[in-house]
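The values are calculated or read from the model by the stated rules, or taken from the named source; none is laboratory data. The structure presented is a predicted model; accordingly, all values stated were derived computationally and were not measured. Neighbour counts are summed over all protein chains in view; Cβ atoms, including those assigned to glycine, are modelled from backbone coordinates with ideal geometry. Only protein heavy atoms, including side chains, enter the accessible area calculation; ligands, DNA and RNA are left aside. Shrake-Rupley method; radii C 1.70, N 1.55, O 1.52, S 1.80 Å.
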Amino acid sequence: MTAVAETNKGKLTAEEKAHLSDRAKGERNLGWRLAGPAFVIMLLVTLYPICYAVYLSLFNYRLTDPAGRKLVWLQNYITALSDPLFWQAFTTTLIIVVVTLVFELVIGMAIAMVMNRVVWPRKTLRTIVLIPYAIVTVVSGFSWLYAAQISTGFFNRWLHFFTFGGFSENYNWFGGRWSSLTIICLSEIWKTTPFMSLLLLAGLAQVDSAQEEAAKVDGATWWQRFTKVILPNMKAALMVALLFRTLDAVRIYDNPYVMTGGANKTETLSMLVGTETVSRVEIGMGSALAVILFVIVLIIAFIFVKLFKVDLTTSGRS
């Protein structure tokens, strides 16, 4: 009798699995029908420039000498990857990515948790927090540039005042690499932390408050509730926030260009691509650098997806 019951239970489970499989298949087909046209348009818009960039990267091609274009295959990639200037720009980009991402994650999470708890004035608080992100990046860059300059800025005066004269009013923030990167990173953190907090707020909204209360009743500390309840339940939003900001930071161009123009070893990979393509009109080498940057972005996206092991197609379902 027990064997028959187990057999029926096994059959029922198989039927349930088949039913769920058909339902999932129907949802997938519906998703493709809804998103398919937009996906095809995006593919056509992005695929051609990527393929054309790969094609141009195989040539020694200077825009001012189109007749002298010569097929060199992978020589542009070999030259780029063996050039110290490329690795200098790569290191600068990596420093900016790591520093800004860490601070944006910590500050963004704190702001998101405050916005998630505050009942009044919730809308006003969220609007105020998002103001820096609404400002155009170039405008933000110039604001920080003028604030840090000796002649027009107030940073030195404030630091001189709060350190009781210990900090010089004539300190040149853009006179060295590390001081320049400090201002660039501060500008990025101020500008994009609201975006990070907005994405994390969406993740906090998915956390079941009943689980938090149960953990609190069981005697869990705030840190235990945060690491064991809150973070696991917002894993998908956390991955999206970190991925978006990392990819955005890897392609940083505006702030370093506005503040230093690449001086003092502050040139990023995107600036290097722009220099080769626009300033030096080396279309072949610029295209090769652009392809390398594109591959770096793909590798980062792959690492994040594998590291977090989140299936965004099923996250949030009951």
Any chance you could get the radius of gyration and Dmax over the Cα atoms of the chain, in Å? 25.7, 91
Using the Karplus equation 6.51 cos²θ - 1.76 cosθ + 1.60 (θ = phi - 60°), what ³J(HN,Hα) coupling, rounded to whole Hz, does each residue of segment 34-39 give in order, writing x for Gly and Pro? 6, 8, x, x, 5, 5
In nm, to one decimal, how far is the modelled label at Gln224 from the one at Ile50, with both set 7 Å along Cα→Cβ? 4.7 nm
Using the Karplus curve 6.51 cos²θ - 1.76 cosθ + 1.60 with θ = phi - 60°, what ³J(HN,Hα) values do you get for each residue of segment 154-169, in whole Hz, with x for Gly and Pro? 10, 4, 4, 5, 5, 5, 5, 6, 6, 9, 6, x, x, 9, 6, 6
Calc'd 3J(HN,Hα), segment 181-189, phi into Karplus 6.51 cos²θ - 1.76 cosθ + 1.60 (θ = phi - 60°), Hz, glycine/Pro = x, comes to 5, 4, 5, 4, 5, 4, 5, 5, 4
Specify the angular offset, from 0 to 90 degrees and rounded to the nearest 10, of the alpha carbon long axis of helix 84-117 from the longest principal axis of the alpha carbons in the chain. 50 degrees
Long-range lysine pairs (8 or more apart or interchain), the chain, Cα under 14 Å: 5
Using the Kirkwood radius built from alpha carbon pairs, what does the Stokes-Einstein equation give as D for segment 40-192 at 10 °C and 1.306 mPa s, in µm² per second? 79 µm²/s
According to a simple spin-label model (label point 7 Å from Cα along Cα-to-Cβ), what is the distance in nm between Phe162 and Gln88? 3.3 nm
Between Leu231 and Ile303, what FRET efficiency follows from the Cβ-Cβ distance if R0 is 22 Å, with the result rounded to 0.05? 0.70
Within the set of other residues whose C-beta is less than 14 Å from the C-beta of Ile150, count the net charge using Lys and Arg as +1 and Asp and Glu as -1. 0
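Ignoring trypsin sites (Lys or Arg not before Pro) that are buried or in helix or strand per DSSP, and keeping those with at most 14 other beta carbon atoms within 10 Å, what is the longest stretch of the chain between them? Walk me through the intermediate numbers first.
On the way: sites that count: Arg280, Lys309, Arg317.
Longest gap between qualifying sites, sites excluded: 1-279.
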Val217 and Ile131 label points (each 7 Å along its Cα→Cβ direction) are spaced in nm at 4.3 nm
Between the helical axis of 235-250 and the dominant principal axis of the chain, each derived from Cα atoms, what acute angle in degrees is found, rounded to the nearest 10? 10 degrees
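Heavy-atom accessible area per residue, the chain, 1.4 Å probe: how many Å²? Show your work: numbers first, answer last.
On the way: 19630 Å² over 318 residues.
Roughly 62 Å² per residue, with all protein chains present.
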Projected-area average for segment 85-272 over all orientations - Cα convex hull basis, square nanometres: 13.0 nm²
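If you add up the charges near Ile230, with Lys and Arg at +1 and Asp and Glu at -1, over every other residue whose beta carbon is less than 14 angstrom from its beta carbon, what do you get?
On the way: positive: Arg117, Lys216, Arg225, Lys228, Lys235; negative: Asp208, Glu212, Glu213.
Taking every Cβ under 14 Å from that of Ile230, the sum is +2.
Report, to the nearest whole %, how much of the accessible area of segment 85-272 belongs to carbon and sulfur atoms, 1.4 Å probe, protein only.
Working: 6650 of 9930 Å².
Reported share for carbon and sulfur atoms: 67 percent.
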